[in-house]
Structures are given as C-alpha cells and as structure tokens.
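Enquirer: Before we start, here is the structure in question, set down as structure tokens.
The values are calculated or read from the model by the stated rules, or taken from the named source; none is laboratory data. Just so it is clear, the structure is predicted and the values come from calculations on it, not from any experiment. Cβ sites come from the backbone with ideal geometry, for glycine too, and all protein chains shown count toward neighbours.
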Amino acid sequence: MIADPMSIDADLARAFEHGNLILCVGPAPSVAAGLPALDDLARRVLEAAVRFDPSLDGAGLSEWIARGRAPEVLEQVQHRLGAEFAREVERDLSDQGRPLPALVRSITGLRKQLRAIYTTRLDRLIERGLAGRWPSFSAPRADIAQRRGLLFKLRGTLEFPQSWVLTREQEEREFGPGAPRRAVFEAAFLAHQLLLIGFDNHSHELRSLLAMMPTQTDGQGPSHFIVLPECSGAEREQLERRGLRVLRTDAHALLDALGGVTQDEGRTAPSVEACPYPGLEAFREEQAALFFGRHAEVSQATALLGGVGDVDNRWLAIEGPSGVGKSSFARAGVVPALRRGFAEGVPNRLRVASMRPGTRPLHNLAIALAGALELGDPNPVHERLLADPRFLTTLAQTRVSAGEGVVLLIDQLEEMVTIAPSSERTSFGEAITRALDSRAIYLVTTTRSDLVPALQSGLPSLAGLLNELAQRYALPPISRAGLREAICQPAIDAGVTIAAELVEQILVDADVRPAQASDGETRTADAALPLVAHVLRGLWTAQNIEDCVITLDEYLAMGGIAGALSRSADHLVGSLGAGEQGDAKQLLLRLIRLQPDGTATRRVVELAEARQIAADGTIGQLSGAGASSARLLLVRDDAGRHEVELVHEALIRDWETLRAWIQQGRAQLLLDEELERQADKWAQRGRPNKDLPRGRDAVELMQARPHGPSRGQQQAFLAALARIQKRRRIITGVAIVTAMLGAVGVGALARRARSPVIIEACHLVVEGGPEVREAAIAMRSGEVYPTKVSNGRDVEFRCPDPADEEVTMIVNLVTGEIRYFPGARSGQALDFDTSLPGLPPSLSQAQLAQLSAVMPAATLSNGDATPSPGTPSSPGAPPSLTPGVLPPGPANSGGSGGSGGSGAPGPDPGPGVQPQAAPADPFVPVPPLIGYWNFDDPAEQVANWGALELHDGAAIGTGVLLLPVGSYAYAGVYQGAPIREKTFVISVELRDLGGEGLVMSIAKLVDPVWDGVAFATERWAGVNQSVVQRATAPEPDGGRWMKIAVSYRDLDGKAEITICRDGEQLARVIEPALATWSPGASRLVFGGNPNALDIAIEQASVYAGWMGCAQIQGLDGAGP
C-alpha cells in the first residue's frame, strides 16, 4: 500500500503495486554512513600504496582520480600492493559499528513490495537493513532476473574479494558486452522496471549503468526511473534516451511516500546480561538472530536446494574442516534461510527434523521425526523404522499438509562411521536413500571434510548419491569481513561496544595461520571461529560490560585467542581436588578417539561409563553452567540415554594440556581403538576362537580398555582371549641344520620347507620311503593352514596334544635354530621322546630314531628369553618390507613360483609381508610375495613398489581403497627381480556391474602394455599383454566382497592364465607367451583403462609365481 499516492509518478506507483519494481541503489547511503565514495576510496588506497612503495607516482595518480579515472588508479595500486590491497579495501569499506542511515532503513522498509534490490556498493549496509530476510548474491546467476526477494550486488561484496568490480580491468571483464553481470542487468532492464536512487549526475557508478542500458529508438517513453534532485535539461534528455524518467525529488521523501519505514523492524535485542556468544557450543536455530558474518555463504549454499522446472535438488551436503562452523551454519543459517524462501522451489512452510546420528542413529531419527511431525511418542516410530526403511518416506509424504515440506537436518553425518554401530548403518542409509529417491524430503547434512572418504566407505548406500545427486557445498573459513560482523553485531544489538582496536587485534590473531582460499578471498584460519567465540564469551562478564564497552586490555588479560582456551580450561581442571584432577584427566582421554592415521577426534561415551571414571561432582564441574566460559563437556540426552562428549574439537587442537595428555597416552589410546576394531571383526565372523590374536598381539590387547557403545562386545572378546591364552603354551627349542637333513635322505623336505611360509600343523612325521616322499607335514585333519610370514626363513609347527594344550616350535631353516619356552628340560636334545609335551604318540620308534639322528642337542631357554635374530618376536606385527631382495631359497620347479619356470629363484617378498599361504598339497610352497597392500595401515602399502599415489578422486577410508568412476591409484616403480609367472590376489567390492575397466594390473611405464585383473561385459577377466580373457560365467553379484585372483604360468612356452573367484575356477585360457616385467620399467596400478569401474579394494597381493584356485583360497590375508 502506497502511503501517499498523490505525491509520486503514476507509472512508478503502478510498478510498485504490481511487485515489478527493482530498486537500484547507488553510493549515497554508504556516503551517508561515513564510508568513502569510489574516488575517496582510490585516494585512501593510493596513500597506503605510497607508504608501502615511496617510488610510486602518487601525485600523478592523484591527478588521474581528479579526472574521473579512479578504476585505473585502483588497478595500478592493486598490482603494487598485492594481497594487502584486499585488506586495505576491507578496512576502508567496513561498515561495522556504523549506524544505518535513514535512507537504508527506508529502502529495506519496502522489501515486502519490491521485486529485488540491486546495489553498486561492496559494503553490507543493505544486508544489515534487511536483517537476513533476503538472500544476497555477489556472483551472477542465470535465475537472478527472474527471482523475487533478493539482493544482487552488481559490484561484488566485501566478504569475497574475487567478486569485486573496482578496477578498469574488472569492469571490462564484468560489464563488457556478453559479460555475465551485464547479462543479469540487461535481463532485469528488459523484463522489469528499475528505480535508481542514491546516484549523482556524475558518479562513476551511474555512468557504468548507463553504458549497459540500450538507447531508446522505438519512440516509446522511458519506462524506468531515476531520482536526481538536480538535473539540467541536457542531462535529462540524455537519461531519457536511455529509458530513464527523471524524478526531481528527494529520495528519502519518495521512499516514505511509497511506504518505506525508518525504524528498524528487525530482531529483538537480547538483554545485556544474556551473553550473545555461544562460546564453543554451536548456534541453534532459535539463536539465528545472533548468528552473523555468514549471510553471503548462507545465500550461496541455500540456493543449491530446490530449483525451477525440471531441476529439483534434494540434498545439500555441507562439508568443511573441523572448527569452520558447519553446525552453526546449518542450524542458525541454512534452516532459517529455507524458512524465508531463499531456495527457489522449496516450500517456506517447513517441518524441520534436526538430529545428530550419535550412537543410536535410527532412534535419534525417530525422535527428530516425532518432534517435527507432532507424532508424540518416538518409540513406535523407531520400531517401524527398524522394520521397514520405507517408513521415513511414508511419514514425510502423509504427515504434512499441502504446501508444506519436510527438511531432515543431519548434523555431523560422519558420526555414522565414527561412533554409530555398524549394525544400524545399512538400515539408516536405506531409509534416507529411499526418501531422497521418492522426493519425500529435503536433506541437509554437515560432514567433516577429512572424514568424507570414511563415510563413503562405511555408508555405501549414501556414497553414490553423495557423488551423483547431492549439491556439495565446501564451507570455507569465515572471511575477515564476516568475522568482523560476527564479533561486533551481537554486542551492538545488546547495547555493548567492542572497542575498535580490540576488533582489529582479534582479526590479526585469527589470521596467525591465514588460509588463502582458491577463490582468492582472504579468510581466517580454519579453526579460528570457535576460539574467537570462546574468548568473546569469556570477555562477557559483569565487570567488563558494566560500562558497555569491552576493551583491548581486557582481552589481553585473558591471554588472547591463543591463550584464552588453555588458560580457562587449565583453571577449571585446577580448581578440582587432587584426586578429581586425575579422574578428570582419565575421563577427558576416554573422550578421545584416534583415527588410523593418528588424527584425534571426539568420542561419545555413555554417562554410566563416564561415572565409572569420575564422580558426578567432577563431571558436573567440567560441564556445569556455572563455568560456562570454560565448559569442557556436554552431557546430552541421546534417545533416552545420557551421553558425554567434549564440547568442541577445538579443545583437542588448542588446549595444550590436553594435547600433552594425548601424546603421553597415545599408545594406550591406539590400543583401545585396536581392541574395538578387532572385537568388531571377530563378532562379524561369528566369534571363532581361531580368529583370536596370538603371541605378543594377544598379550598387548589384554591391556586395552573396553569403551564406547560396543563395550560389551569388547569385554566378550577379551574374555575369550583370556580363555584361549590359558590353553596356549609357546615353546622354542633346538636346531635343524638343513645340510644334515639332506644327509639322511630328507633333503626334499628341507628344500621345500625353506620357502618363506609358516605352516600350522599337528606334528612332524616321516612317511614311506624315498620313492614316495621322504618327509611330510601333516595335521590330524590331513590339511595344512598358513598363519604368519615372519622373516622369510622360519617355519612354525603348532601341535595340540590330547589334553588340548598347544605347543609351538619355530624352526629357522637358515641358521638351523629352534627356540622354545618352558616345557622341556634345559640342555635336552629334541629326540621326540613321547614325554615331550605336544608330541602325538602315533609316531613309530623308527620315525623317532630317524628324526633324532638329524637333530643335535641345543640349550633350551625359558619364555622370557630375548628372541635371537631371525626369529619373529611378534608374528602378528610385520616389520617393514625390503624391496628387491632375493631369498636364499631353492631353485624353482614345477612352475610353482619364480620367473617363468627357468629355475631362477623368485623375488624375495622382504621381511614382514603379511598374506600367507597354504596349498592343499603341503609340498607345494607359496610363491614369494612381492607386493602387499592393506589399506588399514599406510606402512603396509610399500613393498617392492613405490609409495601409493591417489588420483582423480581415489581415496583411502577405514581400511579400504575407494576408486569411483574415473579414478585410479598407482604404487610407483617396481624395484624387485624380473617377473614372469605371477598371481594377483585382490579383495574387491563391485559397486556397479555395468562398468568396465582394470581392477589391478602391472603396467609398463612406456608402452601401453599391462597384465592384471579386469572386469568387462559383466565378467571377470585376466589381461595378458593387454589382451582381455574373460571368464565364461557372468558375475551375478555386486555390492559384496569377493576374492578375485588371476594366475599366470609358463606352459611349454605358452601362457596359461587362470581366473578364480572365492576359490572357484572361472576360466583357464592359453595365450601365446608371458611378458617379462623388469625392475625400473613397470608399476602397479589400481583402477584405470577405461576408468569406468566403481570399486572398493580392501587388500591386494602380488606373488612371483603361479597358484591354483584352491591354494589361493587358503591365503589368510587376502580377503575381507
């Protein structure tokens, strides 16, 4: 409704009433606020440049400014100042702390009737006047001219220096013919009606706009308007030729006549007593009125949802480093913006279900839905979600009225793989996936960027949608202009002033580790935001705000950003009693999780577990509101279970005391994490005793502490480990000299046993005569199973006796040494007397005599003896690999290993290579292992190959190499002995049966030749010198782990290639010849050619020799 229709132009009134009027604002409101006009800005920046470089021609450039060439001067100065140019402009144009001019209040008071506002200034006065009600865009978008209720900044915005249009070069690029900004302005000029206010006749900004307006040649009168109190006849004629009708009136009076208001209709200011800074805690939606500094980013991110026409984006995935403010951004920024209509096509009547996954994600989802959809008791919702993942879709489609939408906000989505039980991941992911596919919800998620690969690996049902459908927004560190507003505006609204020198000091301190973004804007360090919020909350004391001013001295007394967090946290812990301090330390460490790469993150524990460590009083003091500025813990209700966590990960990064405690306790923390991983794998495999660790690994794990939501499972694992440890006795003992073995006719056994394998068996026997076999290794079951490769020279025999005890002998076939723990007399010869523990009584006296004759006496040692060189002290902990070393093994025979059956020994796997083998025939040794990759431990990703390199989206997360379509990884240049016969073994998951490409291959560095494992036309394939040989049967299953192998051997000069899947032979083909792969000329590649597979790899191995499918299936380290 127009306040005074008689005083304004009728055409203008009609355009305003019809909602077709765009207000285009010039420099006048900014100048009224005390900010410099363009010429004055150029003079200020020029002065700074002359101080920086006295050789600059300041007088000459000042003359350019006087002649209207300010953009050219700014271009010269920008080149001279470099990065400091943006800082200088930001300081000069910052409107923070300046009151809003009456003209700005009048402009923003018309927002309900205006179509849009276009502004030609970088400052944020209009945004402040709008109080976050409209989105703000500083970059051109195709839909800007068609949208209603937005602010478009024609010359960019102060937060994003890469958006600025100040210099001549920038004007030519952004306002020249065909430029995107010009296209937006021209579209608005042709489709709507513009009212230009705040310009004078000779301003540079007005000249730039006139240059983008077409000259009127059709005889029609002007359809746009400009307010100019003073205007000559010639000037009027010129403006009318550009389609502008001159209104010779006061801009403020005109806007008041249209119905503009001069009072602020914005937020209700909080009381001085209520601190407007949340400290380390995240903003909530109800605190949106206190959330400042991110309006431009909120506008950008929110606009990614929804769309017009066929575009209907349903998932906004917000990603960023820890401490960048993702939770606050989503809760207090994006959600309120969605309610205000920032996202085109998204209803602004929304039911918002907000949650964190926590330790019970489905239950938390039920609570969020029950609250948002007014369902009452969440327990029935939880039960339905457990029973039917489609229930989320059903609820979202049936429990809202017409014109409403459902937004599901999942904050800290990475908790699905860091603290949520694996048993809930599939159901949760399927429920979300179905709801997105059916367009039943809008999904907003926040995720730590460094944990996105782990999320993609651990939640595969959502991984594909994240890559294909989600609108991913990388939240950058807050800009300096944004941080300035976040510091000042909450205090201003509360009637308190932050001293100007304090604001500048905080900005400097936040930039101690500056982050220069790829888009060019100067931003604060990633983790500065929570530290600034913490120090501001600490400054908000009754003493400091008594005079309504917070000063620099008060800030320095707190220790500044760098020291405030440590000082306040130390003070809180120091206020506890001596015993309570120890309890607090243990509790804080229990709330730390170490990732496989050593990164520390937060852990959530149940309150009951926390109470086992610290008393309620200690927990209360660490989390109490009475010490809110130094609050260290959060105690929250997670689906009816009270849980405890650190208030923010900034404590892990920036509290020196806690960092020292973590470093001191790192070994124990890693052990606790290993217990959780081992117990989880053990439970998934059905809790078999054979999968329990042995030796030193078992002893170490017994020192780990059960923790977290799977604490009961870990306790069961430790109990089983304790029981099996009681049944194990380890012996080391006497020596076998291989030359002596050959002297009595058991040389065949010696030659074959020298292969670098460890064989688990019941007993050592001699069977039959030389014409059959001179010696054998047999178990009661008649099978042989491998366990650990140690150093390439040891063979291990484990022998359960009738009492189900266990005896172990480790035989070093190079040094001829056997060592063992108590169980035999010191100095006793190993003559296999039946009294020796572990010896089965089935051996004949002739066999005993035959063995006794070749085994000299040896001095026995007890179990505490230090292992001698060459004997593994911990079979489960592989040392580093030694590339390219040949073992002192026997000559190759029978095509069972080595290089092409030539008789040359195969490459040494190097000590510590883990996957071990057991052929069905105990006399067929496993070929040397020349490469092994286990993505749980980066140290195991190096063998005879270079370090692993990831390319084009390849990533490692939670023990899996992820290779989405188009990505690949390679392991550098091969440095071992030449390879001909070989076997590839890989544990792999196919994400899409329709793709094709290489999975794992050896590729020549120069020629396009490769051997390896491939998948094409829905079949597995072996590749020989780039020729693909497919399996006969199609692969029926995607989305599951399987062990795939391709073996190559020389068969009378031809190449025999065998393809195996989970022990089953899929194909056997004969090719003309095998290729030789030489050191320094080839490398191992995962993925690639034609890069059209979506796969995950858990483990991979390369052996220098051929193996059959049954033998491959017995390998103990090559499958999930």
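Enquirer: Which of the residues that make up segment 436-473 are of a type in the set (A, V, I, L, M), surrounded by fewer than 19 Cβ atoms within 10 Å (Cβ to Cβ) and within 22 Å of Gly333 (Cβ to Cβ)?
Expert: Within segment 436-473, no residue meets the criteria.
Enquirer: If I filter segment 535-555 for residues that are part of a helix (DSSP H, G or I), within 29 Å of the chain's Cα centre (by Cα) and modelled with pLDDT of 85 or more, do I get at least one hit?
Expert: Within segment 535-555, one or more residues are part of a helix (DSSP H, G or I), within 29 Å of the chain's Cα centre (by Cα) and modelled with pLDDT of 85 or more.
Enquirer: With respect to Glu645, determine if the residue is touching a strand residue (DSSP E or B) at 6+ places or on another chain (Cβ under 6 Å), at pLDDT 80 or above and not in a loop (DSSP other than H, G, I, E, B).
Expert: yes
One line per residue, one yes/no per condition, for (1) part of a helix (DSSP H, G or I); (2) at pLDDT 90 or above; (3) closer than 24 Å to Gly307 by Cβ; (4) in contact with a Lys or Arg (Cβ under 6 Å, 6 or more places away or on another chain):
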residue	(1), (2), (3), (4)
Thr426	yes, no, no, no
Glu430	yes, yes, no, no
Leu436	yes, yes, yes, yes
Thr447	no, yes, yes, no
Ala454	yes, no, no, no
Pro477	no, no, no, yes
Ile487	yes, yes, no, no
Ile492	yes, no, no, no
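Enquirer: Out of segment 995-1012, which residues are more than 15 Å from Leu963 (Cα to Cα) and not charged (D, E, K, R)?
Expert: The answer is Ile1002, Ala1003, Leu1005, Val1006, Pro1008, Val1009, Trp1010, Gly1012.
Enquirer: Also: Out of all the residues in segment 553-582, which are of a type in the set (Ser, Thr, Tyr), surrounded by 14 or more Cβ atoms within 10 Å (Cβ to Cβ) and more than 22 Å from Glu504 (Cβ to Cβ)?
Expert: Ser566, Ser568 - these are the residues of segment 553-582 that are of a type in the set (Ser, Thr, Tyr), surrounded by 14 or more Cβ atoms within 10 Å (Cβ to Cβ) and more than 22 Å from Glu504 (Cβ to Cβ).
Enquirer: Also: Need at least 1 residues that are under 30 Å from the mean Cα position of the chain (by Cα) and at pLDDT 80 or above per element, so show me which strands (runs of 3 or more DSSP E) inside segment 1013-1120 make the cut, counting only ones lying wholly within it.
Expert: Because the criterion is at least 1 residues that are under 30 Å from the mean Cα position of the chain (by Cα) and at pLDDT 80 or above, the strands (runs of 3 or more DSSP E) in segment 1013-1120 that meet it are 1041-1051, 1082-1087, 1095-1103.
Enquirer: Going through Gly129, Gly149, Gly97 one at a time, which residue ends up being closer than 16 Å to Phe292 by Cα and surrounded by fewer than 22 Cβ atoms within 10 Å (Cβ to Cβ)?
Expert: From the options Gly129, Gly149, Gly97, the qualifying one is Gly97.
Enquirer: For segment 192-206, give me each residue that is within 16 Å of Phe16 (Cβ to Cβ) and among the hydrophobic types (A, V, I, L, M, F, W, C).
Expert: Residues satisfying the conditions are Leu194, Leu195, Leu196, Ile197.
Enquirer: Please determine whether any residue of segment 161-168 is buried (at least 16 other Cβ atoms within 10 Å of the Cβ), within 35 Å of the chain's Cα centre (by Cα), on the phi > 0 side of the Ramachandran plot and in a loop (DSSP other than H, G, I, E, B).
Expert: No: zero hits.
Enquirer: Determine if segment 650-658 includes at least one residue that is modelled with pLDDT under 85 and loosely packed, with under 15 Cβ neighbours inside 10 Å.
Expert: No.
Enquirer: Given the structure, is Glu1064 of a type outside the set (S, T, N, Q), assigned by TED's automatic domain parsing to the domain that holds Ala955 and touching a helix residue (DSSP H, G or I) at 6+ places or on another chain (Cβ under 7 Å)?
Expert: Yes, satisfied.
Enquirer: Of the residues that sit in segment 53-72 and are part of a helix (DSSP H, G or I) and touching a helix residue (DSSP H, G or I) at 6+ places or on another chain (Cβ under 6 Å), which one is surrounded by the most Cβ atoms within 10 Å (Cβ to Cβ)?
Expert: Ala70
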